[in-house]
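Any read-out appearing in this document is the output of simple, stated calculations on the displayed coordinates, not a laboratory observation. What you are looking at is a predicted structure, and each value in this text was computed from that prediction instead of being measured. No Cβ is skipped: glycine too gets one built from the backbone with ideal geometry, and neighbour counts run over all protein chains shown.
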Amino acid sequence: MSAAAETIAPAPAQPPTADVTDTPRSSSTSSDDVSTLKPAAQTSWKKNKNGLQHAAINRTASPKRSKTFWKSFKYLLDLTPKQVDDFMASYVIYSLDWADERQMIETLGPDYRQKVGDCLQSYYGVLNHLCALGDVEKMYIPPLMDKKASVLDNQMLYEESIARDIGLKPGDKVLDLGCGRGRVAAHMAVVSGAKVTGLNIDPNQVAQAKEFNEQVGLENSFTIQDMNELPLPFEDNTFDAFYQIQALSLCKDLPRLFAELRRVLKPGAKISLLDWVSLPAYDPTNAEHAELMRRTKPLIGAVGTPTPQTFEKALADAGFTVLRSDNASIDGVQAPLIDKADVYFRSLRQVILGLVKVRLLPPHFKTLINRLCLDGQAFVKMDTMRLVSTSYRIIAQ
């Protein structure tokens, strides 16, 4: 059924109370077509010709992959030389770190925060379409919640765990920082009945989030906003909850942002963070570790290199109480999912390079796919060595 023909608001449903086998429970364990929206089913597995799927996952707010692929492919096909050049130039910020302000100024100038924001718009304006050619349209590798499940299913399992962790219920207002194309917000609204307000620095993604939201008939809203430009455009005590997924390495001043979040959240509201961290095993004086970090940060789009303690202290200083701080992945390792995504995009790269060679695709496709596929195995190695993770979870109140 075409969403243009009929949009049906979801019946509010509480997130499934699925127990995901082996999930760590404490910090000691390290123009898309959509179907009619409906509440999630009870937790169970089902088989189909593609293998096992979680029957509990409500997939009705997910776009058809083929439609998303071709829409993004067309966008990439029509990129201007300036868009391609700006995208490639934006990677300079991932060789920097918020902790080294001197290097920031030397490289970008005294207005480096504005320059970082400009780079992020150039970067994400193209990257979101590259990611949509595969299973990472939401632009994050999720925690490994189930070893049998796909990247996409692990994303949705994690998102439903967020709704449980922050206690979302029908009618709640929840803030999503770094909302991307609004796909996570759509899933969150469908499984919980909450209304999501999404913030993102990239106008291209915000426009897509609004379009998708209208198609599926939800009441979410989306605003262009740089998290480093405060205050946030909301009154005190506006939101019942907050979540973000892998966005905070782009924040220059975590204590200030968390203080601002506390202002716009209602008393007692819970927040969920999932983010990139360096772990105790990482040693910046170790040449191998430093080289792996140099290669991995551009791949995942990280500016800062926080530790779990960085987040915990900034939250405490802003008046939050940390309720949970752990790695959300089974055994604290994401590598199987990182590798799945890497294998897919490297295979796609071979197809694209072949089509460029015979002039069926313009040369800039080679430039883009080569950059996207660079150093995926460095990320796998860092995760396997437990030097870093992008699946570190903190729940606070």
Residue order, fewest to most beta carbons within 10 Å, for THR321, THR107, THR305
THR321, THR107, THR305
Quotient of C-alpha Rg and 2.2 N^0.38 Å, computed over region 203-252
1.32
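How much length, in nm to one decimal, is gained on full extension between LEU374 and GLN309, taken as 0.36 nm per residue of separation minus their Cα-Cα distance? Don't skip to the answer; put the middle values down first.
Numbers: separation 65, 0.36 × 65 = 23.40 nm, distance 2.98 nm.
Value of the extension gain: 20.4 nm.
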According to a simple spin-label model (label point 7 Å from Cα along Cα-to-Cβ), what is the distance in nm between PHE69 and GLU288?
3.8 nm
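Mind ordering 99-105, 166-172, 155-161 by average Cβ neighbours within 10 Å, highest first? All intermediate terms of the calculation are to be shown ahead of the outcome.
Details: 99-105: 12.6, 166-172: 18.3, 155-161: 24.9.
Highest-to-lowest ranking by the protection proxy: 155-161, 166-172, 99-105.
Report, as a whole number in µm² per second, the diffusion coefficient that Stokes-Einstein gives for region 261-378 at 37 °C and 0.692 mPa s using the Kirkwood radius over alpha carbon pairs. If you can, show how the numbers build up before the last one.
Details: Rh = 17.6 Å.
Estimated diffusion coefficient is 186 µm²/s.
Select from region 256-285 those trypsin sites (Lys or Arg not before Pro) which occupy a DSSP coil region and have at most 16 other Cβ atoms within 10 Å, ordered by residue number. Let's see the in-between values first.
Working: sites: ARG256, ARG262, ARG263, LYS270; in loops: none.
Here no loop site has a sparse enough neighbourhood.
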For region 306-315, in residue order, the Karplus 3J(HN,Hα) values (coefficients 6.51, -1.76, 1.60; θ = phi - 60°; whole Hz; Gly and Pro = x) are x, 10, x, 5, 4, 5, 4, 5, 4, 5
Once the dipole of region 62-104 is set up with Lys and Arg at +1 and Asp and Glu at -1 on Cβ about the Cα centre, which of SER66, SER95, GLN83 lies farthest towards its positive end?
SER66
For GLN83 and LYS147, compute 0.36 nm times the residue count separating them, minus their Cα-Cα distance, and round to one decimal in nm.
19.2 nm
